[in-house]
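Read through the structure below, which is laid out as structure tokens, and then see the notes.
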Amino acid sequence: MNADINNIVILTGAGISAESGLATFRGPDGLWEGHRVEDVCTPEALARNPVLVHRFYDERRARLAEVAPNPAHQALAALDAAWGGDLLIVTQNVDDLHERAGAQRLLHMHGELQSALCAACGKAEAWTAPLPPASVCTGCGQPRLRPDIVFFGEMPYDMERIDAALCRADLFVSIGTSGAVYPAAGFVQTARHAGARTLELNLDPSAGSAYFEETRLGPASELVPEMVRELLG
Ligand code: OAD
């Protein structure tokens, strides 16, 4: 599979962390840890009920201490370390399992649980403790810190860099994402237009499966190490 491949872009979603014990967003009941996404993941929800939204992300942040990277995160980190060409892992996940596995060439397009964002000045700071509403920003001193999560209706991070990488990609791989949320769901089409090969690894066919040249179905903990072995030859 690695003939003629130099530049790789890998998109990951909640499915890559499922086998580490973190819930995906669109389970059979359509709830995320018992909440409708629109009750905890929109600017309106934050304005309406900051206590609920902050507590929800506090619980998700605390949960990180109970989970560990699985073989899929580890295989991507090994690929990152060994791959001589360009490589970019773009994750929609707000957990830190890719970096704990050792991945370096990584972007969190939907934000991070272990970061707090000042709604007044835009400064982001590392945050591992609970984050009560009205916590004070160390930059501007305003009591406006919120979870550094990209809510629905907000612009994902690093889009220019991601777009540039997609336009140069020889291979685009999507792992463990339902393809339900744009702009990430459209990356496959950008990569195809640029002439990249496209591969999807997922437990079930996703909403965007038809756009991929190849879809492999199964658990990420098996499919990702297999793909990395193929790439590293
Ligand atoms: P979803 O919950 O929508 O989709 C998870 C996908 O992972 C599904 O297609 C599952 O079939 C697949 N899956 C589950 N277990 C798997 C496993 N062991 N191996 C491989 N695949 C598995 O999660 P995302 O697509 O990541 O946004 O959701 C996208 C965005 O929607 C999230 O980033 C979040 C949410 O609203 C924000 O928080 C801004």
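The values are calculated or read from the model by the stated rules, or taken from the named source; none is laboratory data. This structure is a prediction, so every number in the text was calculated from the model and none was measured. Cβ coordinates were reconstructed from backbone atoms using ideal geometry, including for glycine residues, and neighbour counts include every protein chain displayed. Note: accessible area is taken over every heavy atom of the protein model, side chains too, but ligands, DNA and RNA are not part of it. Shrake-Rupley method; radii C 1.70, N 1.55, O 1.52, S 1.80 Å.
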Could you count how many residues in the stretch 154-204 are hydroxyl-bearing (S, T, Y) and open to solvent by 40 Å² or more (accessible area, probe 1.4 Å)?
4
Taking A72 and the conditions (1) buried (at least 21 other Cβ atoms within 10 Å of the Cβ); (2) outside any helix (DSSP H, G or I), which numbered condition does it fall short on, given that it satisfies the others?
(2)
Restricting the first residue to the stretch 142-169 and requiring it to be under 22 Å from T42 (Cβ atoms), which pairs with a second residue that is open to solvent by 60 Å² or more (accessible area, probe 1.4 Å) meet a Cβ separation below 6 Å and a spacing of at least six or different chains?
P143/A134; P143/V136; D148/E112
Across the stretch 105-119, the tally of residues that are assigned to a loop (DSSP other than H, G, I, E, B) and free of Cβ contacts under 8 Å to residues at least 40 places away in the same chain stands at 2
Which numbered condition D80 misses (of (1) touching an Asp or Glu at 6+ places or on another chain (Cβ under 9 Å); (2) buried (at least 21 other Cβ atoms within 10 Å of the Cβ)):
(1)
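Let's see how each residue does on (1) charged (D, E, K, R); (2) more than 11 Å from the ligand (Cβ to nearest atom); (3) surrounded by 13 or more Cβ atoms within 10 Å (Cβ to Cβ); (4) within 14 Å of the chain's Cα centre (by Cα):
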{"residue": "E19", "(1), (2), (3), (4)": "yes, no, yes, no"}
{"residue": "G27", "(1), (2), (3), (4)": "no, no, no, no"}
{"residue": "R48", "(1), (2), (3), (4)": "yes, yes, no, no"}
{"residue": "R55", "(1), (2), (3), (4)": "yes, yes, yes, no"}
{"residue": "V67", "(1), (2), (3), (4)": "no, yes, yes, no"}
Go through (1) farther than 19 Å from G111 by Cβ; (2) in contact with a Gly (Cβ under 7 Å, 6 or more places away or on another chain) for W83 and report which single condition fails.
(2)
Of (1) in contact (Cβ under 8 Å) with a residue 12 or more places away in the chain; (2) surrounded by fewer than 16 Cβ atoms within 10 Å (Cβ to Cβ); (3) farther than 18 Å from R146 by Cβ, E59 satisfies all except one. Which?
(3)
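Surrounded by fewer than 18 Cβ atoms within 10 Å (Cβ to Cβ) and farther than 27 Å from V40 by Cβ: does that describe A120?
no
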Any chance you could count how many residues in the stretch 85-104 are surrounded by fewer than 18 Cβ atoms within 10 Å (Cβ to Cβ) and either of a type in the set (D, E, K, R) or in contact (Cβ under 8 Å) with a residue 60 or more places away in the chain (or both)?
3
Inspect all residues belonging to the stretch 135-142 and state whether any of them is at pLDDT 95 or above, loosely packed, with under 13 Cβ neighbours inside 10 Å and of a type in the set (S, T, Y).
yes
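Conditions (1) modelled with pLDDT of 95 or more; (2) closer than 18 Å to G153 by Cα; (3) more than 12 Å from the ligand (Cβ to nearest atom); (4) small (G, A, S), marked per residue:
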site: V9; (1), (2), (3), (4): yes, no, yes, no
site: V51; (1), (2), (3), (4): yes, no, yes, no
site: A62; (1), (2), (3), (4): yes, no, yes, yes
site: V90; (1), (2), (3), (4): yes, no, no, no
site: S115; (1), (2), (3), (4): yes, no, yes, yes
